[in-house]
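To start, the structure under review is shown below, and the notes come after it.
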Amino acid sequence: MAGIGVKLNKIYRRRSVIGSLYGFIYSTLVTIAPMLLVLGAVMLTQYLLGFASVGYAARKLFSCTVLYIFIFSYLIVSPVTPVLSKFLSDTLYEEREDDILPCFYMGLLITMILGCCLGVPFCLHEYFVGRVALYYVFTSFCGYQCLIIAVYSMSYLSISKDYKRISIIFFVGMAASVLLSLLFCHVLRMEETYSALLGLVLGFFIISVLEYGYIRRFFPENSGRYKLMLSYFLKDWKLIFINFFYVFGLYVHNFVFWTTDLRTVVVRSFVCTEPYDVATCIAMFTNIAASVIFISRVEMRFRSRYKAYTEAVIGGRWMDIETSKKRMFRQLSEELVNLVRLQFIVSVTVYFLAVVILPRVGYGGLTMEFYPCLAAAYFPLFVMYGSILFLYYFNDLTGALMTTSVFFFVTLVGSIIATHLPYLWGGLGLFAGSMAGFLVAYFRLRWLERNLDAHVFCKSHIFKRSKGLRPSGKVLDRREGIDETELVTEA
């Protein structure tokens, strides 16, 4: 997100209420706007097509299909994108832009194959066991693959720093989705839920096509070296597990509750726990401002400190290195404290609004019983995510892997325990996992502060590492005597 720092500095330089509000809106636009647009399009489509009058079974099949498309597409893309991002950053640093397009094709092939490995067996089960119509199953599978392509392509679009264009692409796709759904339902007289599903799938397809076209425009050259990026999966294997554990940890507590007596089984294929899933979504939006606040402040403040430190390491004095390091970690601590303070104010405000408003619009009962603990759980989760990004700044993949793995396993075990507790404590597993992950990241950052010199200056190798036979350790031949004639001759 390095491209929005300059823009945010210009916005906040006005030092006015309107400027601050505009800065917050701009930060939201470049961070979470695509997700908000998709969710808004789905809700608007349901309202315009009159889903309230549709049968319960059809509505449930549609909602579970959309839910599974979103969850498992993100799970499939999560192990691949961080490795490819590392490859892209190295490629751009070495000015080898012609290798980016082969990387895009190879990574896309890998994600599509992984998606088929997970999606094809499920779709076959849905068709043969669940007795769902073949056209419905095929459409949902196409939407699943299109969303994988759209999410995967966003990693490459972020290189261009044109985040407004990304939001515009999603806006065009979702606007087309709503309009096509209305066309299929009211003009072609298709069934409401299938019209909504087909329109959403075509919206994802339009987004994927527009993203691909923009990538081809931004990186027109192709070196043809398709296997070049495969070595990064071995060299940076920690990145695979870091992102996978984090994304899997976001959903594992839902998976655990899908095994309880509260679960609903649809067409003997889909499983969900609607009260817990809805409460999870509301709790996430209660704390979503944390990511916006974090990106805004880090781009404006911490990045300049980090840049000053790296410049001092490259060509500064030892005194300059120590001074810039102290300033950088002081700024890091301030950003974490400010993130917690601001997020606490926003979360408490949104929480009280949700408690008052949501029961009046139909969200009550078990949903509101699960909600308080889940809202408290997402608070440290987003703070933990900010700490992981700081670890990325220092290239501490070991610390990031420790954080996300602890987060995942504690969330899993805690959620299993929470299923035996009253519903009020349903989000206890996610809260425990988020707190444990944040503590690991925090103490790892403190460890880095004490050992940053060794971490920076003692990680490289004088000679290039390679595999093969070890060279001889003999440096010279020891001679018993020296012939004086040889010395005269050599002279």
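Please work out the average accessible area per residue across the range 357-444, using the 1.4 Å probe convention, and give it in Å². Dividing the accessible area of the range 357-444 by its residue count gives 41 Å². Assuming R0 = 41 Å, can you tell me the calculated FRET efficiency for the pair HIS420 and HIS125, based on Cβ-Cβ distance, to the nearest 0.05? Calculated transfer efficiency: 0.85.
Amide hydrogen proximity for THR264: with H placed 1.01 Å from N in the peptide plane, the residues at 5 or more positions away or on another chain lying under 5 Å are CYS272, THR273, GLU274.
Assign one of three labels to the range 314-358, namely rounded, prolate or oblate, based on the Cα gyration tensor with a ≥ b ≥ c the square roots of its eigenvalues; rounded applies when a/c is under 1.5, prolate when it is not and a/b is larger than b/c, and oblate otherwise.
prolate
Short-range pairs are left out: with C-alpha atoms under 8 Å and at least six residues apart, the relative contact order of the range 53-140 is 28 percent.
Sorting THR91, THR323 on solvent-accessible area from highest to lowest, probe radius 1.4 Å, gives THR323, THR91. What separates the Cα centres of the range 354-394 and the range 241-279 is a distance of 16 Å.
With the whole protein complex present, CYS116 retains an accessible surface near 50 Å², based on a 1.4 Å probe. If you look at the Cα atoms of the range 34-117, you get an Rg and a Dmax of 18.6, 58 Å.
Converting phi to 3J(HN,Hα) with the Karplus coefficients 6.51, -1.76 and 1.60 and the offset θ = phi - 60°, the range 268-282 yields 6, 9, 8, 10, 8, 10, 4, x, 6, 5, 5, 4, 5, 4, 5 Hz in sequence order, with x at every glycine or proline. Projected onto their three principal axes, the Cα atoms of the range 149-247 cover extents of 54, 33, 25 Å, largest first. In plain terms, the chain from ILE345 to ARG330 could stretch by 3.1 nm, reckoned as 0.36 nm per residue minus the Cα-Cα distance. For the range 134-212, the carbon plus sulfur part of the accessible surface works out to 76%, probe radius 1.4 Å.
The values are calculated or read from the model by the stated rules, or taken from the named source; none is laboratory data. A quick note: this is a predicted structure, and the numbers were derived from the prediction, not measured. Neighbour counts are summed over all protein chains in view; Cβ atoms, including those assigned to glycine, are modelled from backbone coordinates with ideal geometry. Accessible surface areas use protein heavy atoms only, side chains included; no ligands, DNA or RNA. Shrake-Rupley method; radii C 1.70, N 1.55, O 1.52, S 1.80 Å.
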